[in-house]
Amino acid sequence: MLPIVPDAMLGMLGGGQLGRMFTLSARSMGYRVTVLDPDEDSPAGALADVHIRAAYDDSVALRSLAETCAAVTTEFENVPGETLRFLEEQVRVAPSSACVSIAQDRIIEKRYINQAGLQTAPFLVVDSVADLDQDLSFYLPGILKIARLGYDGKGQIGVNSVAEVRAAFAQMQSKPCVLERKLDLQTEISVILTRVGSQHSVCFPVAENRHADGILDISIAPARINASIAGTAKAMAQKLAEAMDYIGVLAVEFFVLSDDTLVINEIAPRPHNSGHYTLNATLSSQFDQQVRALCGLTPASTRLLSPVVMVNLLGDIWQAKAPPWAQLLNADNVHLQLYGKKSARPGRKMGHFNVLSEDIDAALQQALRLKSLLLEP
């Protein structure tokens, strides 16, 4: 398949911050972008050449996207499967509907990972109350996770007993779930991989991740783990991408257990919050790679230029007034990126900042200090 070159029009399903950063990368490389998103205040739509304000299953809008774009990608995995399949019949789509569908359902995702010969946490599929009429002790204490539409800690409930599992399943409205055994974790890491075919697959440096209330809080790159663990994580991510015949940017989240064993937690068929450090600290960003993979171009170098700490900025810090941005902007090694969202609310991702330093621990301490300053009333 011939590569797509500037000034072709590229399509983006979704108009949030990931679509916005894709749009910035694509336009800087000479491409034009059409964003399909129903929100008139779409952060990506505000920067795109064309913003189609329509639902993701609007046949007229999808036909227009297919007719005007050379290729189409997505910023989120919960785009309707029918939408991707409709587009695939008319235009290049990456990642494919088959790959995206794996990430849309935790049951399918975990089974697929296991079938690829890779380890996940032990889990039990819970399709109905009847599935709970068995010995659950192997999975307790655990976490009940809804199979579809769960993200950023939503749709997850910690459980310690059978009674709590039953109550949690009822709270999930008896929708399909997985009961996943809690593991003794050393840390959590992620690998951002770009694949453009069997001959072209590269990984960014492994990131070490910290979460707060189920939402990514801080990413540290390179991860402060043994080099052999980082190498194994990259190899596992590449093995999974090969099994999926994946084209595009793929994020793979891992648990590092207390005995240094790696298990895959979940995947995202797109750029990932934990990869935002690549915007300033690597030779190319995950969004540059997303453009290149979509256009059939060889992935760019992922070489780390500087150790880096990324801090998520949630709507919580806005409170009654805008945060004191000068605290960040006056630091010569800090890069602030705001996502252009019109309203802030608790838990909503509004931006991030990256702290670069030759010493990763110094970068982390500075990042934590700046974050605390932003939280001061």
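Bear in mind that the values in this text are calculations on the coordinates, not laboratory data. Keep in mind that what you see is a predicted model, and the values were worked out from it rather than measured. Quick reminder, even Gly has a Cβ in these numbers, built from the backbone with ideal geometry, and neighbours come from all protein chains shown.
Along each principal axis, taking the top coordinate minus the bottom one, the Cα set of region 79-164 gives 50, 27, 25 Å in descending order. Once the GluC sites (Glu not before Pro) in DSSP loops with at most 11 neighbouring Cβ atoms within 10 Å are cut out of the chain, the longest remaining piece is 90-357.
Computed on region 9-93, the Cα convex hull volume stands at 73 Å³ per residue. Fully extending the segment from Asp361 to Val125 would add 80.9 nm, taking 0.36 nm per residue of separation and subtracting the current Cα-Cα distance.
Using 0.36 nm per residue and subtracting the Cα-Cα separation, the extra length available between Asn160 and Ala54 on full extension is 33.8 nm. Taken over the chain, the percentage of Cα pairs per 20 Å bin, counting from 0 up to the bin with the maximum distance, is 28, 59, 13. Projected onto its three principal axes, the C-alpha set of region 250-328 covers 44, 38, 25 Å, listed from the longest axis down. The ellipsoid that matches the Cα gyration tensor of region 207-348 has semi-axes, each √(5λ) in whole angstrom, of 28, 19, 16, with the longest given first. Of Ala207, Ala326, Ala367, which has the largest mean-square fluctuation in a 10 Å C-alpha GNM of the chain? Highest fluctuation among the options: Ala326. Cα extents for region 122-181 along the principal axes, largest to smallest and rounded to whole angstrom: 28, 19, 18. With viscosity set to 1.567 mPa s and temperature to 4 °C, compute the Stokes-Einstein D of region 1-148, Rh being the Kirkwood radius across alpha carbon pairs; µm²/s, no decimals. Answer from the Stokes-Einstein relation: 75 µm²/s.
Taking trypsin sites (Lys or Arg not before Pro) across region 297-377, the ones in a DSSP loop with at most 14 further Cβ atoms lying within 10 angstrom of their Cβ are Arg303, Lys321, Lys342.
Using a Gaussian network model of the chain in which every pair of alpha carbons under 10 angstrom is joined by a spring, one finds that among Asn78, Asn265, Asn354 the greatest mean-square fluctuation is at Asn78. Our Cα-only numbers for region 170-255 put the radius of gyration and Dmax at 15.2, 47 Å.
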